[in-house]
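J.: Input: one structure, supplied below.
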Amino acid sequence: MDIAEQGRAIAPTAAAVPAPVRRSLWRDFENRSGRVVAVGRAILALYFIFVLWADPKQPEVHQASANLFLWGYAGLASAYVLVTWNRWWLEARLSLPFHALDLLMFTALNYVTSGYASPFFLFFIFILLSSSLRWGWRETLATAAALIVIYAVEGLSASTWGTEAFDIERFALRVMYMLVFSALMLLWFASRTASGAPILPRDLQPRGPEEFFRHSLAGIAERLGGRTALAVWCDDEEPWHYVVSFKGGLIGFERLEPEPYDPIVAPAAGDSVMIFDRSREAVLRGRWPRTRTEAMRESVSDALADRYGLVSGIRLPLRSGEIRGELLVADIRGLSPDDVETAASLHEEVTIALERAELVRANERAAIMRARLSFARDVHDGMVQFLAGVALRLEGLKRTGGAAGIAAEIDELQAELAREQQDLRALIRRLKEGAAGPSAVDAAATLKPLADRLGRQWGIQLRVEDAPAPVLVDSRLETEIHHLVREAAANAARHGGARSVAVALEAGADRLRLRISDDGRGLAQAGRFGHAEIAAGRIGPRSIFDRVQQRGGTLDIETGKDGTRLSILLPIGAMAA
């Protein structure tokens with residue numbers, strides 16, 4: 001057999017652990033700092049026993065007691081691994097006592113093995129790492145301080161039980177080593193950032209809670225290692241519970257009657273992130289160092305949990321400006337107290353993203369409302385006023401004698417209806433096409449045919465003064481001007497009893513001035529009013545004010561017994577936001 005064949009023959013036996021086994025081991029320890037620390041502690045305890053057995057010079061003092069203590073520590077460490085492996089509530093309760101046991105073990109090992117010169121000095125690294133993995137920088141700092149104090153006390157007391165002369169340089173270097181390593185750990189905390197895949201695709205901006213959870217629930221479940229997730233919420237407008245669910249890789253949505261499922265989470269849980277276990281009727285909530293295990297019956301609604309198969313998992317409260325609800329993630333393999341910290345960070349991310357989704361929906365609603373109001377004004381100032389004018393003319397026909405006069409009037413009304421139909425079609429076309437193009441129109445020129453029609457419609461004299469120069473505007477602003485003149489003419493004829501109306505239009509560098517005067521009775525409140533006064537006192541024609549306001553313009557009114565004069569300034573260019 002040649003060398004190549006020998007290599008192929010032995011390759012299977014030299015292969016690494018099979019991929020499924022590797023993935024299983026990885027999942028067992030992924031985001032499970034408690035398991036990592038527990039297994040590491042047990043391995044180190046057995047290693048310490050081996051070191052003392054292999055070195056006949058150690059321990060230097062209290063040999064029998066030291067061996068007994070080490071074997072006891074190894075037994076407790078191994079029992080801790082077995083007892084807490086799938087019992088998050090025990091891990092939460094025992095993590096701090098065993099951390100204290102580690103500190104005691106560090107003290108004892110240094111004492112029985114050369115004191116400040118002990119080879120077990122490096123055990124402090126494991127204790128510091130275990131603190132940083134499970135808790136925050138404050139707890140890590142406290143642990144570092146405790147270790148340094150213990151070591152310093154043992155070093156300074158070395159002359160009492162040490163077997164060698166006190167080496168001040170060695171002692172000082174080790175203290176500096178502990179200080180530097182502790183400082184590096186704190187710097188690591190300062191630079192650490194939250195990791196994990198984004199809960200939403202970067203190019204997606206959902207509108208409202210339902211769309212948000214349809215796209216994010218799978219990512220939320222993945223971040224917490226769950227195979228089932230549920231977002232349940234209600235709002236003030238509808239008497240329903242809305243539910244987006246993720247299970248078996250599928251997203252579902254349904255609407256539920258609230259009565260059988262309320263409360264979704266026990267009121268005693270408050271608004272805190274927590275682990276729940278219905279089978280044990282227990283919860284774990286609070287962030288370290290205030291983590292606590294509590295008994296809580298029906299921590300999650302039995303009806304809801306039975307419907308979706310929830311036994312244990314993590315609860316994240318959903319609280320925002322529009323909704324109140326709960327986010328429940330279940331079927332989490334190896335649920336542990338670490339998940340409370342992970343879920344708390346994720347909860348902040350979800351809350352911010354949800355509020356952003358609600359803001360997008362609110363902006364869309366506001367835009368739709370603005371479009372509806374604009375459409376309503378267009379219909380009111382155009383079609384409604386035209387129909388009112390037609391009704392007035394028909395009323396006049398009833399009092400008119402002579403078939404020839406009636407026929408001529410009917411012909412005129414038919415022509416007016418045809419022109420109004422064209423205007424209505426133009427409005428529909430603008431709504432379909434959106435923003436108008438950049439083509440310019442002479443608004444002063446197009447006002448004169450409109451004035452003739454409005455004069456005949458309302459039975460008044462309506463004249464448009466000649467402009468000193470063409471008033472070039474885009475088609476949208478031209479339409480706004482027409483609507484303003486329509487509304488002003490209708491108000492003057494119907495409410496003011498005016499016989500004549502004058503319209504003047506001129507353009508400046510960036511603004512357009514429209515003046516409309518009539519000889520009617522004037523408004524109920526006489527005087528001269530600026531834009532701010534009109535807005536505060538709701539004076540004058542509201543439809544005209546709203547239209548001017550939306551365009552970013554201003555309206556001034558001067559009114560009395562001899563008539564009303566409107567002075568309108570409008571910006572020339574894009575619609576004001």
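J.: Considering only residues that are in a strand (DSSP E or B) and β-branched (Val, Ile, Thr), look in segment 291-331 and name the one that is farthest from residue 354 (Cα to Cα).
T.: Checked segment 291-331; the qualifying residue farthest from residue 354 (Cα to Cα) is 293.
J.: With the condition kept exactly as written, say whether any residue in segment 190-209 is closer than 30 Å to residue 104 by Cα and either open to solvent by less than 30 Å² (accessible area, probe 1.4 Å) or at pLDDT below 80 (or both).
T.: Within segment 190-209, one or more residues are closer than 30 Å to residue 104 by Cα and either open to solvent by less than 30 Å² (accessible area, probe 1.4 Å) or at pLDDT below 80 (or both).
J.: Take residue 92 and tell me if it is open to solvent by less than 40 Å² (accessible area, probe 1.4 Å), under 28 Å from residue 145 (Cβ atoms) and either at pLDDT 80 or above or assigned to a helix (DSSP H, G or I) (or both).
T.: The answer is yes for residue 92.
J.: When you look at residue 445, is it over 21 Å from residue 544 (Cβ atoms) and at pLDDT below 85, yes or no?
T.: Answer is no for this residue.
J.: Give me a count of the residues in segment 456-474 that are modelled with pLDDT of 85 or more, part of a strand (DSSP E or B) and open to solvent by 20 Å² or more (accessible area, probe 1.4 Å).
T.: Residues that pass the stated criteria total 4.
J.: For residue 554, are the conditions met, namely being free of Cβ contacts under 8 Å to residues at least 60 places away in the same chain and among the hydroxyl-bearing types (Ser, Thr, Tyr)?
T.: Against the criterion (free of Cβ contacts under 8 Å to residues at least 60 places away in the same chain and among the hydroxyl-bearing types (Ser, Thr, Tyr)), residue 554 qualifies.
J.: Check segment 145-155 and report whether any residue there is among the aromatic types (Phe, Trp, Tyr), outside any loop (DSSP other than H, G, I, E, B) and either modelled with pLDDT of 75 or more or in contact with a strand residue (DSSP E or B) (Cβ under 7 Å, 6 or more places away or on another chain) (or both).
T.: Scanning segment 145-155 turns up at least one residue that is among the aromatic types (Phe, Trp, Tyr), outside any loop (DSSP other than H, G, I, E, B) and either modelled with pLDDT of 75 or more or in contact with a strand residue (DSSP E or B) (Cβ under 7 Å, 6 or more places away or on another chain) (or both).
J.: Let me ask something else about it. Can you report the number of residues in segment 493-511 which are modelled with pLDDT of 90 or more and either within 14 Å of residue 540 (Cα to Cα) or surrounded by 20 or more Cβ atoms within 10 Å (Cβ to Cβ) (or both)?
T.: Qualifying residue count, segment 493-511: 4.
J.: Given the conditions (1) surrounded by fewer than 17 Cβ atoms within 10 Å (Cβ to Cβ); (2) aliphatic (A, V, I, L, M); (3) touching a Lys or Arg at 6+ places or on another chain (Cβ under 8 Å), which single one is not true for residue 330?
T.: The failed condition is (1).
J.: With respect to residue 293, is the statement that it is in contact with a helix residue (DSSP H, G or I) (Cβ under 6 Å, 6 or more places away or on another chain) and either among the aromatic types (Phe, Trp, Tyr) or modelled with pLDDT under 90 (or both) true?
T.: yes
J.: While we're on this one: Specify which of the listed residues (570, 477, 514, 484) is assigned to a strand (DSSP E or B), open to solvent by less than 10 Å² (accessible area, probe 1.4 Å) and closer than 26 Å to residue 367 by Cα.
T.: 570
J.: Another question, if that's okay. Outside any helix (DSSP H, G or I), farther than 24 Å from residue 448 by Cα and either in contact with a Gly (Cβ under 6 Å, 6 or more places away or on another chain) or open to solvent by 20 Å² or more (accessible area, probe 1.4 Å) (or both): does that describe residue 540?
T.: Considered against the rule, which asks whether it is outside any helix (DSSP H, G or I), farther than 24 Å from residue 448 by Cα and either in contact with a Gly (Cβ under 6 Å, 6 or more places away or on another chain) or open to solvent by 20 Å² or more (accessible area, probe 1.4 Å) (or both), residue 540 comes out as yes.
J.: Shifting gears a bit: Would you say residue 69 is modelled with pLDDT of 70 or more, touching a helix residue (DSSP H, G or I) at 6+ places or on another chain (Cβ under 7 Å) and part of a helix (DSSP H, G or I)?
T.: yes
J.: Being open to solvent by 20 Å² or more (accessible area, probe 1.4 Å) and either touching a strand residue (DSSP E or B) at 6+ places or on another chain (Cβ under 7 Å) or closer than 21 Å to residue 501 by Cβ (or both) is the filter here; which residues of segment 547-567 pass it?
T.: Of everything in segment 547-567, those that are open to solvent by 20 Å² or more (accessible area, probe 1.4 Å) and either touching a strand residue (DSSP E or B) at 6+ places or on another chain (Cβ under 7 Å) or closer than 21 Å to residue 501 by Cβ (or both) turn out to be 552, 554, 556, 558, 561, 562, 565, 567.
J.: Here's something else I'd like to know. Between residues in segment 129-140 that are under 11 Å from residue 341 (Cα atoms) and at pLDDT below 80 and residues that are part of a helix (DSSP H, G or I) and of a type in the set (Phe, Trp, Tyr), which pairs lie under 8 Å by C-beta distance while being six or more apart or on different chains?
T.: 136/189
The values are calculated or read from the model by the stated rules, or taken from the named source; none is laboratory data. Keep in mind the model is a prediction, meaning the values are calculated, not measured. Ideal geometry is used to build each Cβ from the backbone, glycine not excepted, and the neighbour counts take in all protein chains shown. Surface accessibility is based on the protein's heavy atoms, side chains included, excluding ligands, DNA and RNA. Shrake-Rupley method; radii C 1.70, N 1.55, O 1.52, S 1.80 Å.
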